[in-house]
Each structure stands twice: as C-alpha cells, then as structure tokens.
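Here the structure is laid out as structure tokens; the discussion comes afterwards.
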Protein chains: 2
Amino acid sequence: MKMLRPWPTKVSRPLADYRVFTVRSDLKTSPRTGNEHDFFVIDCVNWVNVIALTPDDKMVMVEQYRHGSNTIELEIPGGMMDGGEGPLETGCRELREETGYVGENPLVIGQNYPNPAIMTNTCFTLCVRNCACTHATELDPGEDIATRLIPLAQIPELVANGTILHSLVIVALYQFNLWRKP
Amino acid sequence: MKMLRPWPTKVSRPLADYRVFTVRSDLKTSPRTGNEHDFFVIDCVNWVNVIALTPDDKMVMVEQYRHGSNTIELEIPGGMMDGGEGPLETGCRELREETGYVGENPLVIGQNYPNPAIMTNTCFTLCVRNCACTHATELDPGEDIATRLIPLAQIPELVANGTILHSLVIVALYQFNLWRKP
C-alpha cells in the first residue's frame, strides 16, 4: 500500500492581510520527486457552528445575506473564534448575539477542515440543548440576520432539496445526525 | 416575519491573483441601515467532488497530503472545473486522473456553496457507478495521491469518528446518503 508523507516547508512568506483572512506563499519540497513547488495558503482563525435545539424539537436557524455567494442563505448560527476564546464560548456567544437564544450543556460534537487544500483552519460543531430566547440580538454593522425556528424532522429534506447550501452547515447537520443516532 | 434583502454592490475592485483564486474588495450598501461597508471576497472557479462506486459496494477514495491543513486526508476524488468543462466532464476527468478509475452514468446529485460568506463559487457532487480501474493515474507535479477502496458500510463511522475531515467530502457523503435513501 502506497504511503504518503507530508511536504516539508522550506520558506513561508506572508503576502497580504484581508482582515478576516491573510494569504501567504509556502515553498515546499515534494517527498516523492524532491522538486520544489510554491503553494498559496489562506490563513484564518478557527470557526464554530452551532446546532441549537429548543425543548419542542426545533432547531434555531438564521437566514442571512452572504457577500461571497451574493445570496440569502438558511444557516445555523456561528462565527469566528475571537482571541483567547474556546469553541464553547464562541458558539454560545454567537448563538446569543445572532438570535438572542441561550441554552444548556454546550458540547463539541464534531470538527472539520473547511478547505484543507488551501485553508489552514478548523471548524467546530457545537450542540446546545434547551434553548430559549432570553436576550436581544446584537448584530455587527455588516450583518443582517433573521431567526427561523425549523422543526428537526424537516431538516434532512431541506438539505436534500437544496434549500440549505452552506457546506459547513450541511457538515454540522450530518455530524449531528450521526451523533444522536449512533 | 423579518425579510432580508441582498446588498447592492457600489464598487468592485480586484486586489490580487493567487493562481487558484483571486481576491477582490466589494463596497456594498446595507439595505437595513443605508450605510456602506467593504467586504473582501475570494473568487474561485467551481469545484466537483465525486462519489465513485464499484460493483462490490466500495467507494473509490483518495488519500493525499493537503497544503492548507498540513495533514494527510482521506477524501473522495475531485477538482476544479477547467475552462469550458461542465460538472460531469470535470468529475469523470478528475476520477480518472487521480485514481485511474472510470465508471458509468455520471449524475449530479447535489451542490453547495463551499463558503458563501467569503467565497463566490459552487461545489457540485457527482455520483458515478460501476467503476473499474482501467487507466494509469496522471498526477500533477504538486499532487501525491494514493487510492483507497473503502466499503460503503464503513463510511458513516469514518465521518462520525473524525477520520474524514474535509468539509466538502463530508457534504458529498451526506448528499449521497440522502439521495440513495429518499
């Protein structure tokens, strides 16, 4: 069986800072051929997405306009891990800021690489139960978000029929399905 | 119910070309506040990921070193849509180049936005059946890939236990599960 090895980095060169991500160029040596190749890498902090459940089996979802795709997407709450925060803190903070909901027993139920080919970061999936709306939302000036309560039983159909399109949301929903039905 | 609207773009300014993606800055107007904000956007061509099945219920997977995460990942074959290609052509080409496998009846079974917050592109999920290894692999100099045949029944456990971590691969596997068990 063919075994693969990591490519050692010879030189890493920062190129640009775009606020929510930076770009660098890494010169690496192929362990297979010994030749050098350069690769562009997008550096990001880690992200958290939150499966937030109410006592009556609904999921707290958010609808928001997205500047990359130029579309309005049905998603779950989430965001970037600010300096020093762990995944539980980030997830509970983003849930509260984006929807006003607060819950109990936050638990990391999965993680993934958003794009290991060109991005460095990890995305965590958090599950929070017994959620209730107890706060006002606190949106950033660049955000415009509406809360939607969706019955749990409807979610797989919303993935299958293409209503939910954000890859990291689909990943969180699959990890949640596998976690609750082991 | 609060309804969201897209943000009109006032000025779009190209910033840098990094070969497999470009970065631009979009100045947009919030339809909620009327204020202007600028957003960095990563422009990419579309991607395709391939669920390739053998007649004995195995999935043709690939193991490869990834330069963003600096890890070796278990994934499915896939790649970028080259100029003029449709998703079926790209998927069948990448499957053949990366693994040497060729199959029948390619079908797009899903699509997603890899990251609608900051990326513009779409990723398609292709399913190809009756696959057999009939060609030699053709790897790019920057690639180093090993084929792995994984029994279909093992795949959900490999997602649940964190062996499979590439978000777009996890999305394709969930879309495949939902498509085959409607």
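The values are calculated or read from the model by the stated rules, or taken from the named source; none is laboratory data. Keep in mind that what you see is a predicted model, and the values were worked out from it rather than measured. Note: ideal-geometry Cβ built from the backbone for every residue, glycine included; neighbour counts use all protein chains shown.
Listing for the model above:
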item	result
Residue within the stretch B:49-61 that is of a type in the set (Asp, Glu) and in contact with a strand residue (DSSP E or B) (Cβ under 6 Å, 6 or more places away or on another chain) present	no
Whichever residue in the stretch A:56-66 is out of contact with any helix residue (DSSP H, G or I) (no Cβ under 8 Å at 6 or more places or on another chain) and within 14 Å of another protein chain (Cβ to nearest Cβ) and, among such residues, is surrounded by the most Cβ atoms within 10 Å (Cβ to Cβ)	A:Tyr65
So A:Ile150, is it farther than 30 Å from B:Asn35 by Cβ, aliphatic (A, V, I, L, M) and either touching a His at 6+ places or on another chain (Cβ under 8 Å) or surrounded by 15 or more Cβ atoms within 10 Å (Cβ to Cβ) (or both)	yes
So A:Val41, is it hydrophobic (A, V, I, L, M, F, W, C), modelled with pLDDT of 95 or more, under 13 Å from the mean Cα position of the chain (by Cα) and under 30 Å from A:Arg24 (Cα atoms)	no
Residue match in the stretch B:19-31 (condition: closer than 30 Å to A:Pro8 by Cβ, under 25 Å from the mean Cα position of the chain (by Cα), of a type in the set (Lys, Arg) and not assigned by TED's automatic domain parsing to the domain that holds B:Arg148)	yes
Criterion violated by A:Val45 - all others in (1) surrounded by 20 or more Cβ atoms within 10 Å (Cβ to Cβ); (2) more than 11 Å from chain B (Cβ to nearest Cβ) satisfied	(1)
Residue match in the stretch B:147-156 (condition: under 17 Å from A:Leu173 (Cα atoms) and touching a residue at least 40 places away in the same chain (Cβ under 8 Å))	yes
Members of the stretch B:154-174 found to be facing chain A (nearest Cβ under 7 Å), touching a strand residue (DSSP E or B) at 6+ places or on another chain (Cβ under 8 Å) and under 18 Å from B:Cys127 (Cβ atoms), listed by number	B:His166, B:Leu168, B:Ile170, B:Val171
Unmet requirement for A:Asn115, which otherwise passes all of (1) under 26 Å from B:Met3 (Cα atoms); (2) touching a helix residue (DSSP H, G or I) at 6+ places or on another chain (Cβ under 9 Å); (3) not hydrophobic (A, V, I, L, M, F, W, C)	(1)
Every residue from the stretch B:10-33 that is among the hydroxyl-bearing types (Ser, Thr, Tyr), in contact with a strand residue (DSSP E or B) (Cβ under 7 Å, 6 or more places away or on another chain) and at the interface with chain A (Cβ under 8 Å from one of its Cβ atoms)	B:Tyr18, B:Ser30
Unique match (being of a type in the set (A, V, I, L, M, F, W, C) and assigned to a loop (DSSP other than H, G, I, E, B)) among B:Val11, B:Val20	B:Val20
Pairs, first within 13 Å of chain B (Cβ to nearest Cβ) and under 21 Å from A:Glu143 (Cα atoms) in the stretch A:96-116, second hydroxyl-bearing (Ser, Thr, Tyr) and part of a helix (DSSP H, G or I), C-beta under 7 Å, six or more apart	none
Hits in the stretch B:141-161 (condition: assigned to a strand (DSSP E or B) and either within 27 Å of A:Lys28 (Cβ to Cβ) or within 18 Å of the chain's Cα centre (by Cα) (or both))	B:Ile145, B:Ala146, B:Thr147, B:Arg148
Odd one out for B:Asp56 among (1) touching a residue at least 24 places away in the same chain (Cβ under 8 Å); (2) closer than 21 Å to B:Asn177 by Cα; (3) over 16 Å from the mean Cα position of the chain (by Cα)	(1)
Unmet requirement for B:His37, which otherwise passes all of (1) free of Cβ contacts under 8 Å to residues at least 60 places away in the same chain; (2) assigned by TED's automatic domain parsing to the domain that holds B:Val128; (3) part of a strand (DSSP E or B)	(2)
Where B:Leu53 falls short, out of the listed (1) assigned by TED's automatic domain parsing to the domain that holds B:Leu168; (2) of a type in the set (A, V, I, L, M, F, W, C); (3) surrounded by fewer than 18 Cβ atoms within 10 Å (Cβ to Cβ)	(3)
